[in-house]
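These notes are about the structure you will find just below.
The values are calculated or read from the model by the stated rules, or taken from the named source; none is laboratory data. What you are looking at is a predicted structure, and each value in this text was computed from that prediction instead of being measured. Note that each Cβ is placed from the backbone with ideal geometry, even for glycine, and that neighbours are counted across all protein chains shown.
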Amino acid sequence: MTSFPRQHARTRRFSLGVPRGFVPGVGSEGPVVLFLRTDAGDDPVTHLWRHDPRSGSTEKLVDARALGGDEGAIPTEERARRERAREQAGGIVSYAVDDGLTLAAFTLAGRLHTVDVATGRTAEHPTAGPAFDPRPSPDGRHVAYHAADGLHLIELHRGPGAAGSTRQLVSEPGVAWGRAEFVAAEEMGRGRGAWWSGESDAIAVARVDESRVPVWTIADPANPWTTPTTHPYPAAGTVNADVSLWVVEVASGGRTEVAWDRERDEYLAHVGWGSDPLTLLVQPRDQRTARVLTAEPTTGQTTLVREWSDEAWVELVPGSPSWCGAALLTVEDRADHGVGGTRALCVDGVVKTPAGLQVRELVRVYPDRASDGGEGGDPVARGIAMFHASPADDPTRIDEYKVIVDPEDDAVWSGADGGTAPGLRRVVASRPLREDAVGDVAAPWVEVSSTLSSPAPTVTVCWMSSHGRMVEHPLEVVAETPVLTARPRMVTLGRRGLRGALLLPGPDSDHHESARLPVLLDPYGGPHAQRVLSAQAAHLTSQWLADQGFAVLVVDGRGSPARGPMWEREMHLDLATVALEDQIDGLNSAAEIEPRLDLTRVGIRGWSFGGYLAALAVLRRPDVFRVAIAGAPVTDWRLYDTHYTERYLGHPDEHPEAYAISGVVDEAGTLPGAAPWDPNVPPGLLLIHGLADDNVVAAHALRLSSALLADGRAHTFLPLSGVTHMTPQEVVAEHLLTRQVAFLREHLGVRGA
C-alpha cells in the first residue's frame, strides 16, 4: 500500500483533483461556471473546465497538455507569482475573463492563449516576449498583458478564439509596468498590476520602480557553474519599491498619474475599477491607517471617502473595500465592539455586524430590488453583501453570512445559511461581483464545504432558475482519498481558552493504549494564520505523525485570526514571548485533559513562522523541549520583508528592542535569550532550509547554524538544493516527513522503523 508521505507528496497535499479558480456568470449561452481542475488526484497538470448550471453537465474547455503544457520555460514573473500564491500545480493555473464571459485568457510557458467560452475554440497570440497575467477588457475586444516589464495590448480583430495583433501600451527602461511588487503579492493579497475601466477605454496600471530596493542574490551551491539569480528584496528597515498608479488610454497611449500623498501613504494595497469608481486603498508604512480614495480617471485627482486607524496596525481583509451602488463596504477592526473587539463589516463606516462575529472575507456584493417601496412607491434600491465569518464561540469554523445594505433601514444582518454542523462552509466565487443577473437570467454561485467527517471538500454550483427554484449540482472532486483518517480531538485549553487539536495514535498503530506518549507540538503559532480548523484535511499530516507513536498537539495561540483584534494585537512589538508562552500553556493544559501525555519527552516542529517558533522553543525553553525541527525559520526579523515584519515589530530604527526580543539570532551572531543546554543531555535541533527560497532566504538558517556552532551547541542542518519555500518537489516532500520522524524518534526515545 502507498505510504502517507508518498501520497501526501504525490498529490501536492491532496490539492490535486479539487476544483478551484471559479468564475461563475452569465454568458452568451446562459449561466455558466468556469473553473480549474486536474484530471486526477495525482496529476499535476491543470485544465480549464466549463459547467452548465441548468443541465449539470461539465466538460473540459481547454486541455493544457494539448496546447503544449507549461513545463520548462515559465517566465520569471510567472514563477514568482506562483511562489507568492503557493501554487503547487502546473498547466493552466490562472486565467481571466471579460464581463460577458465570451472569452478567457491564460498563459502556458509564456505563450498567451484565448478561448471562446461558448465554442471552446482556442487561439495563440503573438506577444512582445514571454507573457504574464493576461487581462481581457470588459467588452472582450482586447487583452492586456505584461511582458518585458511593460504593459502590452492584443487587439482581437475577429472575436474570441481568433488570432490578434499586439502593440506596446506603456514601457519604460528600468521600471516595471503592470505587475505587483514583492510585498504586494506576498503580504497584501494584491497579485496584479492592471485594472480595466468599465468602458474598456482605459487601464489603471501600477508603475513599479525598484531601483532603490536592495538587490539580493540567490545562488545554487550544488551547481556552481549556474548564474545566480537576483531580485529586489525590501527587508525590514530598508527601501520599498516606489509604486504609483497611472491611467493609460487604450486608443492613444496617453497616461495620467493618479495623485495621492505617496510620501505619506507608500503602500498601494488595493485597486478596483470596472463598473465601480476607480478606487484605491492606501496605507502609510507603519500600517496604522487605511484610506479609501476614489480617483477621477481623466485628471488623476483623488477624493478621500473613508479613513480608519488603529494604534497597532490596520488589518487588510480580502474583498474590502467594495461598493454596493453608492454605499462603501469595508471590514474594520472595532476595539469597542464586544469583548476583545470585533472585525466588523461596515457600510459607510457604520458597523452592520454583531459584536463577536469576526469577519474574514467580503465575498459577494449585489443589488436586490425585492422591496417595492410600499403602495404606489418606486422600488427601493437595496443591496446584499455575502461574507465569511467565524462566530464568537467557535473560531475553528467559517460560515456564510449576509448583510442587507439598505439606506432606509437599520436591519443589519442575518445568520449562517448552512446549518449548525462545525466546518468551513464558504461561497468561494460569485460573478459579476455586483450584478446578480444579466437580463432575466440569474448568475450562479459556488459553495465549498469542508468538515471533520470527510478529508475532501464538497463543491456545489448553485443557481436560481427563472421559476424561482434553487438548482444545485455538485462538481466532481477527483482528489485521492488519504490512506489514513484524521481523528482530531478539538479542545479548549487553559485560562485563555486556546483552541487546539489533539491527535493520538490510531487503532492500527503498534502503540499500547495505556502507554505514556511522547508529545509533538505541531504549530504555526504566529499571527495571520490558523491551524486549528474544523476540517479533516487540515489535520492529515498531524495524524500521520501521531500514528508513528506520538501525541500530536496543534495550538493556535494569541495572534491567530478569528478571536478579535485585541487577541491579535497581543503580539505587537514581541513575536516571541506570547507565541512561546501559549504553546507551553496549551501543552500543560492538554496534559490535564489527556494524562497519557509524557511531559518529559516533548518535541516541536514547524515551517516558516512555525520553524521560527520551534528554534525559539528549544533555545529559550530547553527545560520543556527535548527536540525541535525548524523548517525555513525566520531567525533574524531584520532579514524579512518590510510589510509583514514592520506591521508587528515596527521599523527597526524606531523599535530596536522589538527586534532584539523577537530574534533568534542577533546582528553580532549570538543567541539572545537562549538558556544553557544540559551538556549531558542536550536537546536535538534539526534545521531544514531550501537554498532557492526567495521569501525566507537560506541566510536565516545559515546564520543560526553559525551562531549555534560558535556557542558550542550541536545541531543538524539539512540544506535542500533547488528547493523554494513551498518544497513542491515530490521526492523532497516525501522524504522530509520520514526524515523528521526518524529525528524525533531518536531524541524522544520512540521505537520504530
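Checked against the criterion of being closer than 30 Å to A235 by Cα, at pLDDT 95 or above and not in a loop (DSSP other than H, G, I, E, B), region 337-348 has at least one qualifying residue. Quick one: is E361 touching a Phe, Trp or Tyr at 6+ places or on another chain (Cβ under 6 Å), acidic (D, E), under 18 Å from R563 (Cα atoms) and modelled with pLDDT of 90 or more? No. Of the residues A370, A385, A389, A355, the single one that is modelled with pLDDT of 85 or more, aliphatic (A, V, I, L, M) and assigned to a loop (DSSP other than H, G, I, E, B) is A355. Of all residues in region 424-466, those being outside any strand (DSSP E or B), at pLDDT 50 or above, of a type outside the set (S, T, Y) and over 20 Å from G21 (Cα atoms) number 1. Region 217-315 holds strands (runs of 3 or more DSSP E) entirely within its bounds, and those carrying 1 or more residues that are under 17 Å from L328 (Cα atoms), of a type in the set (V, I, T) and touching a Lys or Arg at 6+ places or on another chain (Cβ under 7 Å) map to 278-283, 289-295.
Here is a yes/no grid of residues against (1) touching a Leu at 6+ places or on another chain (Cβ under 9 Å); (2) surrounded by fewer than 23 Cβ atoms within 10 Å (Cβ to Cβ); (3) outside the structural domain of S721 (by TED's automatic domain parsing); (4) not hydroxyl-bearing (S, T, Y):
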residue: V578; (1), (2), (3), (4): no, yes, no, yes
residue: G603; (1), (2), (3), (4): yes, no, no, yes
residue: G610; (1), (2), (3), (4): no, no, no, yes
residue: V627; (1), (2), (3), (4): yes, no, no, yes
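From the residues in region 701-742 that are surrounded by 20 or more Cβ atoms within 10 Å (Cβ to Cβ) and touching a Ser or Thr at 6+ places or on another chain (Cβ under 8 Å), which one is farthest from W544 (Cα to Cα)? Within region 701-742, the match that is farthest from W544 (Cα to Cα) is A707.
Note on region 618-726: enclosed helices (runs of 4 or more DSSP H) holding 1 or more residues that are more than 22 Å from Y524 (Cα to Cα) are 656-662, 699-710.
Kindly check whether there is at least one residue in region 486-502 that is farther than 30 Å from A392 by Cβ and assigned to a strand (DSSP E or B).
For region 486-502, residues farther than 30 Å from A392 by Cβ and assigned to a strand (DSSP E or B): absent.
Considering only strands (runs of 3 or more DSSP E) fully contained in region 140-205, which possess at least 2 residues that are aromatic (F, W, Y) and modelled with pLDDT of 95 or more?
Because the criterion is at least 2 residues that are aromatic (F, W, Y) and modelled with pLDDT of 95 or more, the strands (runs of 3 or more DSSP E) in region 140-205 that meet it are 194-196.
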